Amino acid sequence: MPNNAQNLMVNCSNQYVLSFDNLSRVNIEMSNILCTVSTGSGYQTRRLYTDDEVMMFAVARPMIANGIGDFFRRTDLLDRTIPIQLERTADRKFMRERILRKQFDALLPELLHDLYTAISVAIRDVDDIEPLTDSRMADAAHWVTCAETALPWPQGTFVKMLLELQAAAKATVVDNSLVTQRLLVVLRGKTKEKPWKSTINDLLIALRSKWEDEVHSFPKTPTALSGILKEDRDALRLRGIHIEFGERSNRGQRISAWLDESAIADPFENDPKVIF
């Protein structure tokens, strides 16, 4: 994985498909850049060895990434992915690459036949099937849906599975968030009819003051906490945590927050020193 935007753009300029292997974690900066590259982005920087010339990159690229664990940890990036959990190799029996390639080459003609058939069907039907609006990956979802009459599953299956996989991946992210775990405790007993009402600053104080030993793990400012809650709002809702932002006051951004019946109590509520 490149360590900055400029190096990533150089890779994009020389590859139609980006592939990142054995990732363990993608930081916030690179997550934001990957988001823009996946849907189309422009980037400019000073041309090397010059003072007044600009180099412009304009790219949109598909990407393949793999690794052990949840290496994508931003919900906006997960909205642009197709998460796939592979099964562990049975009994740790691995195949030699030569044999793997031989088996793949034997299947390749049939794979290409099915792929090209699906593409031709998608081209034929792309203007006749209504575009989908359920996914942020609307173009990709629409394209596959148009091809589904040539694929071995019922039409609509891809979008249904895509949304389910993305929802599960985002739920995992928020489940592992210390902010989420503490929200479940702070909002205990708060309902839609009787929500927690105050400002984002007061919520940050409540989260930080109750577990003083862990303040280093929380956002440092109300703006940072607000950004996390806004980005993860849909995923938090899946876990029964509802956040609504109101108007700004002289004390800051006002919010309402509550839990619904699907929210699960913090299992470590009585042990605030546990670090998630």
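Coordinate-derived values only; no laboratory data. Note that the coordinates shown come from a computational prediction; the quantities given were computed from them, not determined experimentally. Ideal geometry is used to build each Cβ from the backbone, glycine not excepted, and the neighbour counts take in all protein chains shown.
Packing-based ranking of 239-246, 61-68 yields 239-246, 61-68, ordered from highest to lowest mean Cβ neighbour count within 10 Å. Computed packing ranks the peptides 86-94, 153-161, 166-174 as 166-174, 153-161, 86-94, most packed first, by mean other Cβ atoms within 10 Å.
Which one, Glu110, Glu231, Glu148, has the greatest fluctuation when you compute a Gaussian network model over the chain with C-alpha springs under 10 angstrom? In the Gaussian network model the winner is Glu110. A simple packing score, the average count of other Cβ atoms within 10 Å per residue, orders the peptides 128-134, 181-187 as 181-187, 128-134, with the highest score first. Remark: relative contact order (the chain) = 14 percent; criterion is Cα-Cα distance under 8 angstrom and separation of 6 or more residues. Take every Cα pair under 8 Å whose residues are at least 6 apart in sequence, average their separation, divide by the length of the stretch 92-173, and the relative contact order is 24 percent.
Oblate is the label for the stretch 92-173. Its Cα gyration tensor axes, ordered a ≥ b ≥ c, give a/c of at least 1.5 and b/c at or above a/b.
Calculated on C-alpha atoms, the gyration radius of the chain divided by its Kirkwood radius gives an Rg/Rh of 1.03. Helix-only arithmetic for the chain: the sum of -39500 (n - 2.57) across DSSP H runs with n ≥ 4, divided by the residue total, places the mean residue ellipticity at 222 nm at -13500 deg cm²/dmol. Where both bridge residues fall in the chain, DSSP classifies roughly 80% of the beta bridges as antiparallel. Shown for Met95, Met9: other C-beta atoms within 10 Å of each C-beta, ranked fewest to most, produce the order Met95, Met9. With the convex hull constructed from alpha-carbon coordinates only, the stretch 177-259 shows a mean projected area of 5.1 nm² over all directions.
Cut-off under 22 Å on the C-alpha distance; same-chain residues fewer than 8 positions from Lys102 excluded. Which lysines are left, in chain and number order? Reachable lysines: Lys93.
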